[in-house]
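A.B. asks: What follows is a structure written as structure tokens; I'll ask about it next.
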Amino acid sequence: MSPTRSTRPSAASRPKASPRPKAKPKKRKRAKPNPSIAWARRLARYRPGLLGDTLDQLSELYGAQVWQRRLILTILTQSTADINAEKAFVALRAAYPSGLAPEHHEPGVGWGGDGLPDGAPPDWTAVEAAPLAELMSVIRPAGIATQKAPRIQATLRKIREERGDHSLEFLGEMAPLAARDWLTSIPGIGKKTASVLLLFCFDQPLMPVDRHVERVSKRIGLLPAKAPADRAHDHFLAMLADTPERTYETHVLLIHHGRAICQARGPKHELCPIRDRCRFVDPKAP
């Protein structure tokens, strides 16, 4: 018998496989634009010099503002008048005396209270260890003590556990945003509270935006009308990127202007040096 022939076609007669389509290169995702930087550029393009003009006009009215270190009642001032925070801090001093040397509180422009009388700081170890109900009773003049007392103790505990004592001096050696992030990692401490402490105690270029600053800025057009309060802090960081040394005067002048002239009700337009550039007065102001 003859050997059986293979029915498999030879290599030459086999149809060639069609080449595989090349994989399309993956498109790189574009990084989302930073809304604060975008706003600062938009403002510089369509309303050039607005922030500088505002600061220059307010400086003429209220005087030049030079940073000096202040004692700041950051947590106690949340959602209350500064004068009430002063009463609560004096009560802390009395309830938990430290026996240390007296401190001086320089209120300065932008502070809404009378200023603290000279006195030694509280014993922060005793404040941290105090029964919660007792601490709430002591700081009741500052309002919402049920929230503020746990926040104060949580802040003191975190500082002591991570640093070994209650000193905040290490924050002055950190990069501004890193220091802000460290503080805002404590429950109840937001960007405003952290920025106030870092600006007033360490001259860190971080812009606190409270209700007065927010109102004045949105009326003038320094901030978008619908900008969330949390984002407003970063908008100012972008606007002040080339002049961070003006952060302190920006905060102090805007907050004081909001209290003295650009009030929530009945703003005194006739006294305002910025009225020609204010979108609240003229929606088409330059």
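The values are calculated or read from the model by the stated rules, or taken from the named source; none is laboratory data. For clarity, every value in this text was computed on a predicted model and none was experimentally measured. Counting neighbours? That spans all protein chains shown, and the Cβs are built from the backbone with ideal geometry, glycine included. Surface accessibility is based on the protein's heavy atoms, side chains included, excluding ligands, DNA and RNA. Shrake-Rupley method; radii C 1.70, N 1.55, O 1.52, S 1.80 Å.
A.B. asks: Considering Cα pairs under 8 angstrom that are at least six residues apart, work out the relative contact order of the range 29-147 and quote it in whole percent.
C.D. replies: 24 percent
A.B. asks: Okay, next question. Suppose the chain between LYS268 and ALA38 were pulled fully straight at 0.36 nm per residue; how much longer would it get relative to their current alpha carbon spacing? List each step's numbers first, then the result.
C.D. replies: Numbers: separation 230, 0.36 × 230 = 82.80 nm, distance 3.20 nm.
Full extension from LYS268 to ALA38 adds 79.6 nm.
A.B. asks: Please compute the contact order of the chain in relative form: average sequence separation of alpha-carbon pairs under 8 Å and at least six residues apart, divided by the residue count, as a percent.
C.D. replies: Values: 343 pairs, mean separation 56.2, N = 286.
With pairs under 8 Å counted, the relative contact order is 20 percent.
A.B. asks: Taking the Cα centre of the range 55-98 as the origin, how large is its charge dipole in debye, to the nearest 20, when only Lys and Arg (+1) and Asp and Glu (-1) carry charge on their Cβ atoms?
C.D. replies: Details: 4 positive and 4 negative charges, 67 e Å.
In total the dipole reaches around 320 debye.
A.B. asks: Would you give the gap between the C-alpha center of the range 261-276 and the C-alpha center of the range 101-151, rounded to a whole Å?
C.D. replies: Here the answer is 34 Å between Cα centres.
A.B. asks: Can you list the residues of the range 50-94 with backbone N under 16 Å from a point 7 Å past the Cα of GLU103, pointing along Cα to Cβ?
C.D. replies: 68-78, 85-94
A.B. asks: Separate question: Quote the charge dipole size of the chain about the Cα centre in Debye, to the nearest 20; the model charges only the Cβ of Lys and Arg (+1) and of Asp and Glu (-1). Show your work: numbers first, answer last.
C.D. replies: On the way: 45 positive and 29 negative charges, 768 e Å.
Value, rounded to 20: 3700 debye.
A.B. asks: Okay, next question. Taking a 27 Å limit on the Cα-Cα distance, which of the listed pairs LYS32/LYS218; LYS226/LYS268; LYS32/LYS284; LYS87/LYS191; LYS218/LYS268 fall beyond it?
C.D. replies: From LYS32/LYS218; LYS226/LYS268; LYS32/LYS284; LYS87/LYS191; LYS218/LYS268, over 27 Å: LYS32/LYS284.
A.B. asks: Skip the ligands, DNA and RNA, and give the accessible area per residue of the range 116-248 with a 1.4 Å probe, whole Å². Before the final figure, lay out the partial values.
C.D. replies: Values: 5780 Å² over 133 residues.
It amounts to 43 Å² per residue over the range 116-248.
A.B. asks: Another question about this same structure. Going toward the positive end of the dipole of the chain, with +1 on Lys and Arg Cβ and -1 on Asp and Glu Cβ, which of TRP182, PRO150, VAL127 do you reach last?
C.D. replies: Comparing the listed Cα positions along the dipole, TRP182 ranks first.
A.B. asks: Which cross-chain or sequence-distant (5 or more) residues have an amide H under 5 Å from the amide H of GLY221, H modelled 1.01 Å from N in plane?
C.D. replies: ARG279
A.B. asks: If eta is 0.890 mPa s and T is 25 °C, what Stokes-Einstein diffusion coefficient results for the range 108-265, Kirkwood Rh from Cα pairs, in µm²/s?
C.D. replies: On the way: Rh = 17.2 Å.
For the chosen part, D equals 143 µm²/s.
A.B. asks: Could I ask something else about it? Which option, [x] 25, 21, 19; [y] 46, 20, 19; [z] 55, 32, 16, is the value of semi-axes √(5λ) of the Cα gyration tensor in Å that was calculated from these coordinates?
C.D. replies: [z]
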